[in-house]
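One structure below.
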Amino acid sequence: MLFIALFLLIFLIVPVVNVIFVAFQDVTTSQFTLVNFKDFFSTALFRESFWNSLYVGVMTVLIASIFSMPLAYFTSRFEFKGAVIVQSLGIIPLIMPPFVGAVSMMMLFGRNGSINLLLERWFGINIPLMEGLNGVIFVESLHYFPFILINLSAALQNIDKSMEESAQNLGCSGFRLFRRIVLPLAMPGYMAGASLVFLKVFDDLGTPLLLNVNNMLAPQAYLRIASIGIKDPMGYVISVILVVISLSAMWMAMKSLKGKDYATVQKGGGGLAKRRMRSWEKVMAWSIILLIMTLVLAPHFGLTLLSFGSIWSYSILPDAFTFDHFVAIFTETPEFMTNTILYSFLAGSIDIVLGTAIAYIALRTKLIGRKVLDYVAMSAVAIPGLVIGIGYLRTFFAFRVPWLENQPLATWWIVIVIALSIRRLPYALRACTAALQQVSVSLEESAENLGAGKFSTIRKIVVPLMVGGILAGFVTSFATAAVELGMTLMLVSKSADGPLSYGIYVYMQSAAGRGPGAALGIAAVIVVGLCTMISYIVVDRRQKKYGMRETN
Amino acid sequence: MTNTAYKNGNDSDSGVTLQGISLSFGKTHVLKGIDLKIESGEFFAFLGPSGCGKTTLIRLIAGFESAQAGQVFIGEQEVSHLPPWRRNVGMVFQSYALWPHMTVRKNVAFGLEEKHMPRNEINKRVDAALDLVDLLDLADRRPSQISGGQQQRVALARTVVIEPQVLLLDEPLSNLDAKLRVQMRRELRQLQQKLSLTTIFVTHDQEEANTTSDRIAVINDGIIQQIGSPMDLYDQPANRFVADFLGTTNFIDGRLKESGNTIQFHADNGEVIPMHDILLDSSYRDHCSLVVRPQNVTINTDTEIEAADKIRLKGTIIGKEFLGSTIRYRVNVQNDVLLADDTHHHGQVPLKNGTAVNLYVKRNQVIIVDA
């Protein structure tokens, strides 16, 4: 407990608090001051960035909702063969980090992209889909809409038929029924998903950076620190604003769910009443699904083209195809891949050890401060990677590591691993907590009753029963750590220490590097995709094997 | 089958003594000064409605709760401060709590492995325990692959195999269907007799408690209301709660008054009943109730008989329920409703509503309790 608390204190709380401190400090006198914030809001560029970030966040939520609602509705309301496709639509976008897809979306939908070239040739029009903020919104909403889709579908599926039937029995039907019963019951789920999307988009650094949209908050913070240095207060001010807005979004998500466990499914029941679709409804449903699917698969398609294309510029398709880019990434910069595997593996391992321990402490012991521990560990969700990166630089730059020729601690690769593990700890912790919640306390009590001490019980009963969840947590941490960009950009001090995401970013900077960059992107997609698949299989098999039931 | 491995209870004292147990969760007082002595080898039941504290009490004996005040003894040894794994008290959980990642055999072997017993000894005992509950064939299945009744027996085998001093059963039959429940409670009783194991059985079902137990403690609101054999509790309930909780009861509320040499019961409904033969406790003067079981009420439509050993009440039938072996009449007596059971015989025509009847109750079948 003490060790975990110390770990969180040093590597999460101190850096973040440090960032906040600096934001309120006068650069020269170190006195408390609000002058930095005044500077921020009196600079036109920053004001514009602030509003742009808010605008992009809100618009992304709106567009993502437009994508999700019909999909969620089809699967929960109708006997629909496309349900499997909708489910996969809920996963496919997530396995490609948005910044990876950004460049390929540019190639397809940009001003000189394939679609606009075709449109210009046939109709003489050009749709500015990828111009400026539009591009960010488009790419982000395609990537993040699954969060809303998953939450909304779950909420709808948790509404019992009897809720609807009793309303009908009392004379309510049609749209009125939907508005008065179904919608309010599904609202908490939707709000949770929506705030999560807003938070993610608001904090995202990679996508705007790769689309060359710099007049947003996260890119501004990065550019200030990267160009002026870690002494410049503006980066910290922006960090504070990012943290405050993220925390409020998370608070909203929690508030919308708190005390509103609307899961009303009764024993043997399940979900809203489903009916078959009429044929015109089927046609409509399928067209909507196909349209969304095309959009969702576009970045993957574009990335594949880009990675195999030799030259692709001002043309609908690449001129020729080649394996050169894949050869290049394996021969010239294999360190990107080996680093990624090493970092993510270590970060994932740290996460499941901490996650299991914190989950056990929070759920099974009565130690003072266990709730705080849990909250602090989870709060890393709301701290943008960029902010953690800046905080680490600020906090650990002063420490010199004696066994590394007295280099600053912040530039050591182990620090990247720790930062990754802190940032992904919430994922692992959530998986471990869920796994432990499924283990009924009486299973432990019966072991103790038969003579097993606490330690023996944990080793022989608790951990074996949690193993699926722990593994799923590891895989999630591993996969998401592999494609973390914002923080890595801040912390990688030399190219040889860079992981995949860093490599992709560096390659994508030049037109010539797009091919190898895309090839790296494909590698990242494969890593994340495989991991996601493994985690699904593991969890699924475990539940079938033990016939696990939810227990309280 | 012979199980020489199971010789318990008789050799050493394994009675359970609770002294002044009080326990509260936050501001909720769950147990309020429980004193209790359970004899070695006794089958004892904690009976009460849900939320009465009976499960907390059994968990306290197992060591999963700790009391703010009071002590728990097993035999002569105080165990209040021992952790669960040092108590040698076997508990069968309501949910059975079988470990889903282990086979039946592994589940049963667990407790012995924790005692670091030699492998061949473990195997021998596990086989004996599984044989005892007739589950040797299913030893290599996982818990999810066997039925609820079988799971119940595995849980039982897993507990008795460690030869506990005391066996605790927490509503062990509540997850079984009605038929199986009747069969399992017989088996439980037989097993307990065979092992002569001190057993505490928690239940809210009076029939379960009555059919299995030597003695019952009726618990309500964190307090033991009465302890006694099932029949004692039924025939001589100590208070209104026990009378009401066990079986169906008529209460006639009123007060006792002396008039000359006799004592009369003045019911609140206006009826005056002479009570001369009934043993009276002077504490029952002001507010009290007569307790009359429906089956002790005789219905008569014929002419009035005055008998010294019977109380007579006049009433009118206002409703009836057919229960199979009996017909339960609802009879209006001075605007009070009394239940009276009449045995049903094949072909018998029940009395019609509105029929005027005389109700007779033997004086020695009437009990007085506090109102």
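Counting Lys and Arg as +1 and Asp and Glu as -1 over every other residue whose Cβ lies under 13 Å from the Cβ of B:Arg105, the net charge comes to +2. For chain B, set up a GNM with springs between Cα atoms under 10 Å and report which of B:Ser80, B:Ser144, B:Ser22 has the largest fluctuation. Top of the fluctuation ranking is B:Ser144. In this structure the amide hydrogen of A:Glu131, modeled in the peptide plane, comes within under 5 Å of no amide hydrogen from residues 5 or more places off or on another chain.
Scalar couplings 3J(HN,Hα) for segment A:61-67, obtained by applying the Karplus form with A = 6.51, B = -1.76, C = 1.60 to θ = phi - 60°, are 4, 4, 5, 4, 5, 4, 5 Hz; x denotes Gly and Pro.
Return the average number of partner chain Cβ atoms within 10 angstrom of each residue Cβ along peptide A:437-446. It would help to have the intermediate numbers written out before the result.
On the way: counts 0, 1, 2, 4, 4, 9, 8, 4, 8, 17.
Mean shielding count: 6.
Please go through the residue pairs A:Lys366/B:Lys54; A:Lys366/B:Lys115; B:Lys32/B:Lys54 and name each one whose alpha carbons sit more than 19 Å apart in this structure. Please report the intermediate quantities before stating the final value.
Numbers: A:Lys366/B:Lys54 24 Å; A:Lys366/B:Lys115 28 Å; B:Lys32/B:Lys54 12 Å.
Result: A:Lys366/B:Lys54; A:Lys366/B:Lys115 exceed 19 Å.
Within 12 Å, Cβ to Cβ, of B:Asp214, how many net charges do the neighbouring residues add up to if Lys/Arg are +1 and Asp/Glu are -1? For residues surrounding B:Asp214, the net value is -1.
Please list A:Ile288, B:Ile34 from largest to smallest accessible area, probe radius 1.4 Å, with all protein chains kept in place. Walk me through the numbers before you get to the answer.
Values: A:Ile288 50, B:Ile34 0 Å².
If we order A:Ile288, B:Ile34 from most to least accessible, we get A:Ile288, B:Ile34.
Sorting the Cα pairs of the protein assembly as shown by distance into bins of 20 Å, from 0 upward, gives 11, 31, 29, 19, 8, 1, 0 percent per bin. Among the residues of B:330-341, the average count of other protein chain beta-carbon atoms within 10 Å of the residue beta-carbon is 0.
Over the residues of chain A, the helix contribution to mean residue ellipticity at 222 nm works out to -23000 deg cm²/dmol, using -39500 (n - 2.57) for each DSSP H run of at least 4. Mind pulling the angle between the C-alpha long axis of helix B:104-114 and the longest principal axis of chain B? Nearest 10 degrees, somewhere in 0 to 90. Between the helix axis and the principal axis of chain B, the angle is about 70 degrees.
Greater than 21 Å separation of Cα atoms is the criterion. Which listed pairs, A:Lys454/B:Lys37; A:Lys81/A:Lys200; A:Lys81/A:Lys282, meet it? Write down the numbers at each step before the final one.
Details: A:Lys454/B:Lys37 30 Å; A:Lys81/A:Lys200 32 Å; A:Lys81/A:Lys282 10 Å.
Distance filter (> 21 Å) returns A:Lys454/B:Lys37; A:Lys81/A:Lys200.
Here the alpha carbons of segment A:34-312 define both size measures, Rg and Dmax, at 21.6, 68 Å. In chain A, the convex hull through the Cα atoms has an average projected area of 30.2 nm², a quarter of its surface area.
Counting Lys and Arg as +1 and Asp and Glu as -1, what is the net charge of the other residues whose Cβ lies under 10 Å from the Cβ of A:Gly235? The answer is +2.
Expressed as an acute angle from 0 to 90° and rounded to the nearest 10, what is the orientation of the C-alpha long axis of helix B:148-160 relative to the principal long axis of chain B? Approximately 70 degrees, to the nearest 10.
Summarising the amide proton neighbourhood of B:Leu169: residues at separation of 5 or more, or on other chains, whose placed amide H is nearer than 5 Å comprise B:Val92, B:Ile200, B:Phe201, B:Val202.
If you take each beta carbon of peptide B:103-116 and count the beta carbons of other chains within 10 angstrom, what is the mean?
The per-residue average across the peptide is 3.
Counting only aspartates and glutamates at least 8 places from B:Lys314 when in the same chain, those with an alpha carbon closer than 20 Å to its own are B:Asp253, B:Asp268, B:Glu271, B:Asp302, B:Glu304, B:Glu306, B:Asp336, B:Asp341, B:Asp342.
Only Cα pairs under 8 Å and 6+ residues apart enter the sum, and on that basis the relative contact order of segment A:34-312 stands at 30 percent. Straight Cα distances below 17 angstrom link A:Lys38 to the aspartates and glutamates A:Asp26, A:Glu48, A:Asp232, with same-chain residues fewer than 8 positions distant left out. Distance from the Cα centroid of segment B:126-198 to that of segment B:320-361 is 43 Å (rounded to whole angstrom).
The values are calculated or read from the model by the stated rules, or taken from the named source; none is laboratory data. These numbers were taken from a predicted model, which means no experiment stands behind them. Positions of Cβ are backbone-derived with ideal geometry, glycine not excepted, and every protein chain shown enters the neighbour counts. To get the accessible areas, we keep the full protein, side chains included, count just its heavy atoms, and leave off ligands, DNA and RNA. Shrake-Rupley method; radii C 1.70, N 1.55, O 1.52, S 1.80 Å.
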